[in-house]
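Provided herewith is a single structure, encoded as structure tokens, for subsequent inquiry.
The values are calculated or read from the model by the stated rules, or taken from the named source; none is laboratory data. No experiment lies behind these values; they were computed from the predicted model shown. For neighbour counting, all protein chains shown are included, and Cβ atoms are generated from backbone atoms with ideal geometry for every residue, glycine included.
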Amino acid sequence: MTIKRFPAYLRDMQEEVEGYAKNYGLDFYPILYEVLDYKTMNEVAAYGGFPTRYPHWRFGMDYEQLSKSYEWGLSKIYEMVINTNPAYAYLLEGNSLTDQKIVMAHVCAHVDFFKNNYFFSKTNRKMIDGMANHAARVRRHMERQGQDVVEDYIDVCLSLENLIDPMSAYITRTAKPRTPEQIEDEETGQVGRLRSKGYMDSFINPPEYIEAQKKKKEEEVKKARRRFPESPQRDVLAFLIEHAPLEHWQRDVLEIVRDEAYYFAPQAMTKIMNEGWASYWHSKILTEKALTAAEVIDYADANAGVLATSPGRLNPYKLGVELFRSIEERWNKGQYGKEWDECESMEQKRNWDRRTGFGANRIFEVRKLYNDITFIDEFFTLEFCVEQKFYSFGFSERSGSWEIMSRDFKKVKDQMLKQLTNRGQPVIVVEDGNFENKSELLLRHIHEGTDLDSGQARDTLRNASRVWTRPVNLLTKVEGKGKLLRCEDGNLSERSAEYL
């Protein structure tokens, strides 16, 4: 892999662009650039930006796809940046100077987003070292177990890498530890008893109420002992790591896959915001500060390519930047709050300008606190939808092709939010680790109106059973009817079942 020395003229350009970015209020980690030729850029991209990542055939497949796409003129990677401290960014050797300016401004905003957005706050900022450590562990297992054996097991684990709980880093899912008072009450049988003076005890804690609470608690304890886990567990990989009968090296590989899945999860949760934020700032920095008169046309051409929208496809750069510009304009003009929401005149709304000037502050607040779902849910308004000409689409059985289904605002927004929820993937939870008292695993699909892809569901079930080493069941709904899919020794079956 060939890495070019960072030239002095690019270092001067970096200092100039970063100076403009800081003056605008962007706050980012130190950025280390490396210049790569297109072949090396594709190699690094295939590894997700981490050239020290563990070896696996999937990365080679991704490299072939990227290389062919570049050679046939279908795509070109201008830059890459990874979420670390310091941040590492890669420049393509063949870029023009104007392109490099765009990339550097774009990268400054990305790193600002990585540093300040809440959903990146729990990530490992030293993941370069983490990936290298993972690679060393995988290679050690390959030496001991054989490359084909370990690589085959990695295939299985990667097919399950989306079965995590992306929000677990920000939400407490498990019950808090019991207080000494609660433990004392349970040991003495005084469950549910309120503290009171002796002469008031019979009024505050009636005997019949205490007895009912005690019976209720006993039933809950019995039910919890029958269930394993006590409540449905969203992080399927964590459950498998903790309870599946795995060899040491298998558990280690599964932990590596899970760790990397959690590292990349915030990027999937904030794709529209992150790219929109970077596009907003590269446009502002270049058009207001960094461009010379001779570079304007080249910039306009490159920027148009970034924000171009293909038929039937959502461009996250375009949607994100337009939403940030809309937010800035609305808060500069005071187009928010009770009066704005209650105004029913479109003409009045078009001419609404209270000159509040809070736009800059507001977009920085949004960058800090939101993810794609909350971003779209709050700021994708009727006015924005009409102005940007959004529509919902679907597959038409009549014509046998994809068609525009509706321009209705609610349907458009609902379809967009559905695509973003759980990164557009089904929600699967561990329902029972001892299903029917046979040590079988029962997974449950949280059905939200869309049936599972039957082929992918069966493949995932087969791989989950290889990790669990015993039969695995999946409860779901197909065309409104409950179905229980079962995999035992690689053989799949299904039967009707009640889905509550």
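For (1) surrounded by 17 or more Cβ atoms within 10 Å (Cβ to Cβ); (2) in contact with a strand residue (DSSP E or B) (Cβ under 9 Å, 6 or more places away or on another chain), each residue gets a yes or a no:
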position: 40; (1), (2): yes, yes
position: 46; (1), (2): yes, no
position: 50; (1), (2): yes, yes
position: 61; (1), (2): no, no
position: 64; (1), (2): no, no
position: 80; (1), (2): yes, yes
position: 91; (1), (2): yes, yes
position: 99; (1), (2): yes, yes
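Something else: Quick check: anything in region 91-106 in contact with a Gly (Cβ under 7 Å, 6 or more places away or on another chain) and without any contact (Cβ under 8 Å) to a residue 60 or more places away in the chain?
Scanning region 91-106, I find no residue that is in contact with a Gly (Cβ under 7 Å, 6 or more places away or on another chain) and without any contact (Cβ under 8 Å) to a residue 60 or more places away in the chain, so the answer is no.
Please report, ordered by residue number, the strands (runs of 3 or more DSSP E) entirely within region 382-458 with at least 2 residues that are at pLDDT 85 or above, of a type in the set (A, V, I, L, M, F, W, C) and outside the structural domain of residue 315 (by TED's automatic domain parsing).
Correct list: 428-435, 440-445.
For (1) at pLDDT below 85; (2) farther than 27 Å from residue 150 by Cα; (3) surrounded by 11 or more Cβ atoms within 10 Å (Cβ to Cβ); (4) aromatic (Phe, Trp, Tyr), each residue gets a yes or a no:
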{"residue": "180", "(1), (2), (3), (4)": "yes, yes, no, no"}
{"residue": "198", "(1), (2), (3), (4)": "yes, yes, no, no"}
{"residue": "217", "(1), (2), (3), (4)": "yes, yes, yes, no"}
{"residue": "253", "(1), (2), (3), (4)": "no, no, yes, no"}
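Now for a separate question. Here are some residues: 131, 80. Which one is touching a residue at least 24 places away in the same chain (Cβ under 8 Å), in contact with a Gly (Cβ under 7 Å, 6 or more places away or on another chain), of a type outside the set (Gly, Ala, Ser) and at negative phi?
Just one listed residue meets the conditions, 80.
Right, next: Determine whether residue 123 is within 29 Å of residue 23 (Cα to Cα) and touching a residue at least 24 places away in the same chain (Cβ under 8 Å).
yes
From the set of residues in region 101-126 that are out of contact with any helix residue (DSSP H, G or I) (no Cβ under 7 Å at 6 or more places or on another chain) and β-branched (Val, Ile, Thr), which is surrounded by the fewest Cβ atoms within 10 Å (Cβ to Cβ)? Talk me through it step by step, then tell me what you get.
Narrowing region 101-126 to residues out of contact with any helix residue (DSSP H, G or I) (no Cβ under 7 Å at 6 or more places or on another chain): 103, 107, 111-112, 115, 121-122, 125-126.
Among the residues that remain, those that are also β-branched (Val, Ile, Thr) are: 103, 107, 111.
Details: 103: 24, 107: 28, 111: 28.
Going through the qualifying residues, I end up with 103.
Further, regarding this structure: Identify, by number, the condition in (1) in a helix (DSSP H, G or I); (2) modelled with pLDDT under 65 that residue 194 doesn't meet.
Result: residue 194 fails condition (1) only.
Still on this model: Could you check region 459-481 and list, in sequence order, the residues that are in a helix (DSSP H, G or I) and not β-branched (Val, Ile, Thr)?
Residues satisfying the conditions are 459, 461, 462, 463, 464, 465, 466, 468.
How many of the residues making up region 464-487 are more than 24 Å from residue 449 (Cα to Cα) and of a type in the set (S, T, N, Q)?
Summing the residues that are more than 24 Å from residue 449 (Cα to Cα) and of a type in the set (S, T, N, Q) in region 464-487 gives 2.
Condition check ((1) within 30 Å of residue 386 (Cα to Cα); (2) of a type in the set (Asp, Glu); (3) in contact (Cβ under 8 Å) with a residue 60 or more places away in the chain) across all residues:
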site: 417; (1), (2), (3): yes, no, no
site: 441; (1), (2), (3): no, no, no
site: 451; (1), (2), (3): no, yes, no
site: 455; (1), (2), (3): no, no, no
site: 463; (1), (2), (3): no, no, yes
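While we're looking at this one, here's another question. Within the set of pairs 6+ apart or on separate chains, which have a first residue in region 483-496 that is at pLDDT 85 or above, a second that is of a type in the set (Ser, Thr, Tyr), and C-beta atoms under 6 Å apart?
Every condition considered, the pairs that remain are 483/476; 486/493; 487/465.
Just to verify a result, which residue in region 309-353, among those that are of a type in the set (Lys, Arg) and at pLDDT 90 or above, is farthest from residue 283 (Cα to Cα)?
Result: 333.
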